Amino acid sequence: MAKAQINPTRMELTKLKKKLTTAVRGHKLLKDKRDELMRQFLDLVRENKTLRENVEKMIGQSNKNFCLARASMDNEVVNVALMAPRQEVYLNVKSKNVMSVDIPVYEYKTKTPDENDIYPYGFAFTSSDLDDAVKSLQDILPDLLRLAECEKSCQLMAVEIEKTRRRVNALEHVMIPEMRDTIKYIKMKLDENERSTQIRLMKVKDMMLEQAHKYSERYNDSF
């Protein structure tokens, strides 16, 4: 805030004091928001790490089961068995607000509640390894969706944390110090004006007394 553009008046001083109070309060609120976002962000990062390890482990196990199924069955049989899925999954995407950040919430439901509908084939010409592979994929789905939620939420929160951090730093290191310096400058100018006014009034008073009581003539006559 350039001091040359500031009009050093009491009205301007009052306005700046109100702005400073608001800025200090906003700075505290933004710091609290940043700290809470960081806390929730770290919780999500830890959950994301656990989920990713679990999902990668389950996907690895599912791939092994598919490899075993292909080893014990012809490729044509596997392809035909998985060609026409019986079950369907519907994904519903919602959002919830966490510290002014809209993070996604994924909910899913299946076409039928029967768990056996995940197998789109009969069991007569397929191996149990294929059953295990399909079942393992079904078991992965909830953790996979939750992992997607966590990763997207972490990205959104990281962006909001950076924005909040910049605002906190701008208030703490730029705006609030400038306002305090400007208030100090206005107070100094007002004090100078008040002292100048008092001096002028004292001089005017002396001149009026001199004219009224002839102080200068009496002073000269005494010599």
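Each residue of the stretch 114-119 was assigned a 3J(HN,Hα) from its phi angle through the Karplus expression (A = 6.51, B = -1.76, C = 1.60, θ = phi - 60°), giving 6, 5, 6, 6, 6, 9 Hz with x at Gly and Pro. Measuring how big the chain is from its alpha-carbon positions, Rg and Dmax come out at 38.7, 140 Å. Sequentially through the stretch 71-84, phi angles give Karplus couplings (6.51, -1.76, 1.60; θ = phi - 60°) of 6, 9, 10, 6, 4, 5, 5, 5, 5, 5, 5, 9, 6, 10 Hz, Gly and Pro residues having no value and appearing as x.
By the helix-only formula, in which each DSSP H run with n ≥ 4 contributes -39500 (n - 2.57) and the sum is divided by residues, the chain has a 222 nm mean residue ellipticity of -25500 deg cm²/dmol. Under the rule of at least 5 residues apart or a separate chain, name every residue whose amide H is placed under 5 Å from the amide H of Val98. Placed amide hydrogens put Ile103 under 5 Å from Val98.
Rounded, prolate or oblate: which fits the stretch 69-157 when a ≥ b ≥ c are the square roots of the eigenvalues of the alpha-carbon gyration tensor, with rounded for a/c under 1.5 and prolate only if a/b beats b/c? Prolate.
Largest GNM mean-square fluctuation across Met38, Met73, Met157, computed for the chain with C-alpha springs under 10 Å, falls on Met73.
Counting only residues at least eight positions apart within a chain, or on another chain, the aspartates and glutamates with an alpha carbon under 18 Å from that of Lys64 are Glu53, Glu56, Asp74, Asp129, Asp131, Asp132, Asp139.
Sorting the segments 166-176, 106-116 by their residues' average number of neighbouring beta-carbon atoms within 10 angstrom, most packed first, yields 166-176, 106-116. Remark: relative contact order (the chain) = 33 percent; criterion is Cα-Cα distance under 8 angstrom and separation of 6 or more residues. Rounded to the nearest 10 degrees, the inclination of helix 128-170 to the longest alpha-carbon principal axis of the chain is 10 degrees. Per-residue extension of 0.36 nm, minus the Cα-Cα distance of Val159 and Ala124, leaves a gain of 7.3 nm for this segment.
Could you pull out the pairs from Lys49/Lys111; Lys31/Lys163; Lys33/Lys94; Lys15/Lys189; Lys28/Lys189; Lys33/Lys163 whose alpha carbons sit more than 20 Å apart here? Correct reply: Lys49/Lys111; Lys33/Lys94; Lys28/Lys189.
Ignoring aspartates and glutamates fewer than eight residues from Lys184 along the same chain, the ones with Cα atoms less than 13 angstrom from its Cα are Glu12, Glu192.
Only the coordinates and a few stated rules stand behind these numbers; no lab work does. The shown structure was predicted, so the numbers you read here are calculated from the model rather than taken from an experiment. Heads up, the Cβs are rebuilt from the backbone with ideal geometry, glycines too, and the neighbour counts pull from every protein chain shown.
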